1. Check each of the GluC sites (Glu not before Pro) in the range 57-157 and keep only those in coil by DSSP with at most 10 other C-beta atoms within 10 angstrom; list them in order.
2. Straight-line reach from Lys70: which aspartates and glutamates have a Cα under 14 Å away, not including same-chain ones fewer than 8 places off?
3. Checking the cross-link filter: which lysines have an alpha carbon closer than 16 Å to that of Lys225, excluding same-chain neighbours under 8 positions apart?
4. Once you have the alpha carbon radius of gyration of the range 6-214, what is it after dividing by 2.2 N^0.38 Å, with N set to its residue count?
5. Please arrange Thr20, Thr153 by counting, for each residue, the other beta carbons lying within 10 Å of its beta carbon, fewest first.
6. Rounded, prolate or oblate: which fits the range 45-135, taking a ≥ b ≥ c as square roots of the Cα gyration tensor eigenvalues, rounded meaning a/c under 1.5, else prolate when a/b beats b/c?
7. Could you list His68, His128 so that the one with the fewest beta carbons within 10 Å of its beta carbon is first and the one with the most is last?
8. Based on other C-beta atoms within 10 Å, arrange Asp88, Asp79, Asp202, Asp57 from fewest to most.
Amino acid sequence: MSERKLAIVALSGGMDSCVTAAIAKEEYDLAFLHINYGQRTENRELQAFHEIVDYFDVEKRTIIDFTHFKKIGGSSLTDQNIEVSKADLNNINVPSSYVPFRNANILSVCGSLAEVIGASAIFIGAVHEDSSGYPDCRPDFFKAFERVLNLGTKPETKIEIITPIIQLSKEEIIKKGVELSAPLHLTWSCYKSEDKACGVCDSCALRLRGFQKAGIEDPIEYENKPVYD
């Protein structure tokens, strides 16, 4: 029996959560959790999730369906009436792709699962580089939510929220992923398309710029592949 502690990785199927999983695997046994929340690329992200978990050869995987985000709306990822905008990497306002309080919902279900299976940590691939637009990607948010989890669970439950890449740039995340042999070729980041990545949404732009700065070819296929400063 392994003496390593158990951790849950919130794995969207994207690059950041994939690299986070590779980091977590160095010290923990892993259980993976994926959320379907009615996003435009739900099927493609789920495919990426399964392929990444298979790559890491982990049996423990849980898939949760959140139907409420689509009912609530307010995001271009869940509301077909809101257009997925082209990337503006200089934007300092909350982008239309922000899903209201999504990370809190994800961490809540991770906390429930952690308490049941005896996990001592939750890993989530939040990146502070995104936090100018996404208020639930800030380090202070995760520190506060960790306190909430431990106040709201049984006294013997101790859960740590770990955000190992939160202070890294996309370039640094990519280099870390290559260093750890994370399966970046299996990841999906596009907000808009499920066949070829669009290359122009916020997520594609941040990813492409990271690969370009790292001097590494992005292994996934794009409809458009602009050069980002």
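1. Glu59, Glu83, Glu156
2. Straight-line reach from Lys70, under 14 Å: Glu42, Asp79.
3. Lys86, Lys192, Lys196, Lys213
4. Rg over 2.2 N^0.38 Å, computed on Cα atoms: 0.96.
5. Exposure proxy ranking, most exposed first: Thr153, Thr20.
6. Verdict is prolate for the range 45-135.
7. Final ranking by Cβ density, sparse to dense: His68, His128.
8. Working: Asp88 12, Asp79 17, Asp202 25, Asp57 8.
If I rank by nearby Cβ atoms, fewest first, I get Asp57, Asp88, Asp79, Asp202.
Laboratory data are not the source of any read-out in this text; all were calculated from the coordinates shown. Predicted model only: the values in this text are computed from it and were never measured. In this analysis, Cβ positions are derived from the backbone assuming ideal geometry, glycine residues included, and neighbour counts consider all displayed protein chains.
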